[in-house]
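So the structure is just underneath, and the comments pick up after that.
The values are calculated or read from the model by the stated rules, or taken from the named source; none is laboratory data. What you see is a predicted model; the values in this text were computed from it and never measured. Reconstructed Cβ throughout: ideal geometry from the backbone, glycine too, with neighbour counts over all protein chains shown. Ligands, DNA and RNA are stripped out before the accessible areas are found, and what is left, the full protein with its side chains, is counted by its heavy atoms. Shrake-Rupley method; radii C 1.70, N 1.55, O 1.52, S 1.80 Å.
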Amino acid sequence: QVQLVESGGGLVQPGGSLRLSCAVSGSIFRFYAMGWFRQAPGKQREMVAGITTGGTANYVDSVQGRFTISRDNAKNTVYLQMNNLKPEDTAVYYCNILASSWLNWGQGTQVTVSS
């Protein structure tokens with residue numbers, strides 16, 4: 001059973017930075033594009049960034065220029081560097097493969113942006 005384990009969240013002031021990590025167990029990581037998603041209270045989960053197996057990244061407009069997704073195939077890990085954080089970035093952040101069906105979601109990591 002492949003597992004997704006997100007980490008790196010926390011409480012940060014507006015304008016601050018965080019780096020999220022998502023470790024993927026097993027040997028499938030290098031075969032799949034990966035995405036970072038977030039879910040704020042009362043809202044649907046949304047994808048904020050994706051990265052192909054070859055390292056091409058794309059972002060939703062609201063995070064473009066502030067967030068950077070990357071991957072390390074040797075460590076089976078995908079990262080999300082988040083800079084210039086805003087209160088509206090507050091959410092639980094998750095990762096998953098970008099495929100026709102999701103893996104079981106991990107527990108996520110809470111990001112709270114507040115002064």
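Within region 31-40, the presence of at least one residue that is in contact with a helix residue (DSSP H, G or I) (Cβ under 9 Å, 6 or more places away or on another chain), outside any strand (DSSP E or B) and not β-branched (Val, Ile, Thr) is confirmed.
Could you pull out the residue among Ser115, Ser100 that is free of Cβ contacts under 8 Å to residues at least 12 places away in the same chain, open to solvent by 70 Å² or more (accessible area, probe 1.4 Å) and not hydrophobic (A, V, I, L, M, F, W, C)? Of Ser115, Ser100, the one residue that is free of Cβ contacts under 8 Å to residues at least 12 places away in the same chain, open to solvent by 70 Å² or more (accessible area, probe 1.4 Å) and not hydrophobic (A, V, I, L, M, F, W, C) is Ser100.
Counting only residues that are open to solvent by 50 Å² or more (accessible area, probe 1.4 Å) and at pLDDT below 95, how many does region 1-25 have? Here the count works out to 2. Residues of region 47-77 that are hydrophobic (A, V, I, L, M, F, W, C) and farther than 17 Å from Phe29 by Cα: Met47, Val48, Val60, Val63, Phe67.
Residues of region 60-81 that are over 16 Å from Ser17 (Cα atoms), of a type outside the set (Val, Ile, Thr) and free of Cβ contacts under 8 Å to residues at least 24 places away in the same chain: Asp61, Asp72, Ala74.
Checking each residue in region 30-56 for being over 24 Å from Val113 (Cα atoms), in contact with a strand residue (DSSP E or B) (Cβ under 8 Å, 6 or more places away or on another chain) and either of a type in the set (Val, Ile, Thr) or open to solvent by less than 50 Å² (accessible area, probe 1.4 Å) (or both) picks out Ala33, Met34, Ile51, Thr52, Thr53, Gly55.
When Leu11, Leu20 are checked against the criterion of being part of a strand (DSSP E or B), closer than 17 Å to Ser114 by Cβ, touching a residue at least 60 places away in the same chain (Cβ under 8 Å) and in contact with a Ser or Thr (Cβ under 9 Å, 6 or more places away or on another chain), a single residue qualifies: Leu11. The set of residues in region 58-68 that are assigned to a strand (DSSP E or B) and either open to solvent by 40 Å² or more (accessible area, probe 1.4 Å) or touching a Ser or Thr at 6+ places or on another chain (Cβ under 6 Å) (or both) comprises Asn58, Tyr59, Thr68. Among the residues making up region 78-89, those that are crowded, with 18+ Cβ neighbours inside 10 Å and either farther than 26 Å from Ile28 by Cα or among the hydroxyl-bearing types (Ser, Thr, Tyr) (or both) are Tyr79, Leu85, Asp89.
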